[in-house]
Amino acid sequence: MVDSTRLLGHDMAERLRQGEVSSRELTLAHLDAAERQNHALNAWLLIDRDGALAQADAADARLAVAREEGRAALEALHPLLGLPVALKDLVSVAGGQCTAGSRILEGYVAPYDAHITERLRDAGAVILGKTNMDEFAMGSSNEWSAFGPVSNPWDLDSVPGGSSGGSAAAVAAFHVPFGIGTDTGGSIRQPAALTGIVGLKPTYGRVSRYGIVAFASSLDQIGPLARDARDAAVLLHAVAGRDARDSTSAPVPVPEDLLNLPSSDDEAAGWLKGKRLGLPREYFVKGMEPGVEARIREAVADLERAGATIEEVSLPHTDYGLATYYIVVPAEASANLARYDGVRYGHSVRLPGADFIADYLATRGEGFGPEVKRRIMLGTYALSAGYYDAFYLKAQKVRTLIKRDFDDVFGSGIDALVAPTSPSVAFKFGARTADPVAMYLSDACTLPANMAGIAGVSLPCGLSAGLPVGLQFIGPPWSELELLRFGCAYEAITADAPWRSLEPAQLALADDPVGPTPAQRAAALATA
Ligand code: GLN
């Protein structure tokens, strides 16, 4: 009997239709794994056993009706029906918590479902719970969560990446086949890379942000985390598309072919023939780990052997990406976070005899963590009178230049760019928390796509020093289907690679119910 948690989502869907397994059985297996390992991993802020089982039973009822009606009815069922999904804890679920990893939202109850929550409910997916994250999605290691760090199942003393670290760890640890993340500068792709899974940042406007806690509104995008490209495509298809409640969600049709990615390796690999892949010179940055560079170069050689042409290209403004990102993003964050005033949401401090300004300052002083405060100060400064032109406006102009670099490359006939996702593999707890710039550099290869509003996907491409390396494909706006086809093709040509069959090296250790928690591991490393 195979352990159902090890299956890919599309295999689970197939078995549900065959009647080999029920959604209740699948859901129980995943709930058990999540509950058993959350002491060691801290990937989940909420595991909703009762809610998940009720959704599973509803899915089984739909399956039973379709089975009565016959084959056509079974095939018409949504591919996510009855399958477990993890939501990053900044996605609103009516009546449930939505902390965004922050004390300031503790006790806040979401009054409505996010657009993507509605979509997942319509599909009949089973929402297993809410996952840990860096506070307000600010971070690259999940160490800025107010609810403690998350361990990487490959090395429990290392971070899973961030800010969607909980969702990534949960997918990598087989607690769910599907996770939702958000990516403002890399927060889907970078944790996907560090935990050895697939993560896709869609084009800005592809997925409605209605009901998602806002961080930097001109960059935030919601996207899928999964264990292969086909599963990522199915989850993206379920949540993507125009929604009138988010004026930035685009009226661009969602390709139906996201549900028909090739299932045979030959067909998938065939897609590569004649495709032009650009290798951006500036992404092979100083400071990239040699093991990461080696895996990326091998992946590029594999793609070339399989029929793609590789051309070196230049994106000359790449170097300005980080500096401009850290003007634009804090500016937008400082405005978005102004609403947490102790009156309208969650945490609230009332000082006896004090006026409301004192209460406001105390609420924000207690409620926000250090990275959030840093961003609010940077952003408020960059937007202040006299500095707006010098910083914010200038950064927006440079942003246009970054976008133009991509336009030029794609305009010259390049189908997609190949690059590393992260310059390093997963790092130990504490390695970057004392140095904000070192932490910010984690996203040097991901954030340009956010600045330009375009799409990118990270796929596992082997190991360096025993830890996963992520290969990134970046494409023009609305190229998600093409990027996932590249993903499928790469998976096909490396299907027999020995690293593909490896499970996260320290996953079994996470079964220990009394061993150290991630916070204790981090504390031990800090004093070592
Ligand atoms: N690490 C980046 C930041 O802190 C990206 C975060 C994200 O994509 N949400 O801003």
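The values are calculated or read from the model by the stated rules, or taken from the named source; none is laboratory data. Just so it is clear, the structure is predicted and the values come from calculations on it, not from any experiment. Methodologically, a virtual Cβ is constructed for each residue, glycine included, from the backbone with ideal geometry; neighbour enumeration extends over all protein chains shown. Side chains included, ligands, DNA and RNA excluded: accessible areas come from the protein's heavy atoms. Shrake-Rupley method; radii C 1.70, N 1.55, O 1.52, S 1.80 Å.
Summary of the geometry: the range 76-124 and the range 174-209, compared by the centres of their Cα atoms, lie 15 Å apart. The 3J(HN,Hα) values that the Karplus relation (6.51, -1.76, 1.60; θ = phi - 60°) gives for the range 326-335 are, in residue order, 7, 9, 5, 5, x, 4, 5, 5, 4, 6 Hz. Gly and Pro appear as x.
Amide H to amide H distances under 5 Å link V126 with G82, L83, V85, where only residues 5 or more positions off or on other chains count and H is placed in the peptide plane.
Helix content alone sets the calculated 222 nm mean residue ellipticity of the chain: runs of n ≥ 4 DSSP H residues at -39500 (n - 2.57) each, divided across all residues, give -12000 deg cm²/dmol. R500 label point, 7 Å along Cα→Cβ, cut-off 17 Å on backbone N: hits in the range 460-492? Label zone hits: 460-463, 469-471, 484-492. Both radii were evaluated on the Cα set of the range 35-120; the Rg over Rh quotient, with Rh as the Kirkwood radius, amounts to 1.07. Highest mean first, the peptides 243-256, 326-339 sorted by other C-beta atoms within 10 Å per residue fall in the order 326-339, 243-256.
Volume of the convex hull of the range 442-528 (Cα atoms only), normalised per residue: 155 Å³. Annotation: amide H of L315 within the under-5 Å range of R281, E282, sequence separation 5 or more or interchain, hydrogens built in the peptide plane.
If only the Cβ of Lys and Arg carry +1 and only the Cβ of Asp and Glu carry -1, the dipole of the range 36-127 around its Cα centre is close to 260 debye. Over the C-alpha trace of the range 98-181, radius of gyration and Dmax come out as 13.3, 39 angstrom. With θ taken as phi - 60° and the Karplus curve 6.51 cos²θ - 1.76 cosθ + 1.60 applied, the whole-hertz 3J(HN,Hα) list for the range 104-118 is 5, 9, 5, x, 6, 10, 5, x, 8, 7, 5, 3, 5, 5, 4 Hz, x standing for glycine and proline. Compactness check for the range 127-249: Cα Rg over 2.2 N^0.38 Å is 0.98.
Both radii were evaluated on the Cα set of the range 275-407; the Rg over Rh quotient, with Rh as the Kirkwood radius, amounts to 1.20.
Averaging 1/r over every pair of different alpha carbons in the range 173-320 and inverting the result gives a Kirkwood radius of 17.4 Å.
The Cα-based radius of gyration of the chain, divided by its Kirkwood radius, gives an Rg/Rh of 0.95.
Rg and Dmax, both from the Cα atoms of the range 404-486 and both in Å, are 14.5, 43. Once backbone amide H atoms are built at 1.01 Å from N, R242 has V252 as its partners under 5 Å, excluding neighbours fewer than 5 places away on the same chain. Remark: the Cα gyration tensor places the range 227-301 in the oblate category, a/c being 1.5 or greater and a/b not exceeding b/c. Rounded to the nearest whole Hz, the Karplus-based 3J(HN,Hα) values (6.51 cos²θ - 1.76 cosθ + 1.60, θ = phi - 60°) of the range 244-253 follow the sequence 4, 7, 10, 5, 8, 7, 8, x, 10, x, with x at glycine and proline.
Computed over protein heavy atoms with a 1.4 Å probe, the accessible surface of the chain works out to 37 Å² per residue. Computed over neighbours whose Cβ is under 14 Å from that of G223, the net charge equals +2, Lys and Arg +1, Asp and Glu -1. The share of accessible area on the range 77-193 that comes from carbon and sulfur is 52 percent, using a 1.4 angstrom probe.
For the range 1-158, the normalised intensity computed at q = 0.09, 0.12, 0.16, 0.18 Å⁻¹ comes to -0.33, -0.56, -0.92, -1.09 (log10 of I(q)/I(0), Debye sum over alpha carbons, equal scatterers, no solvent).
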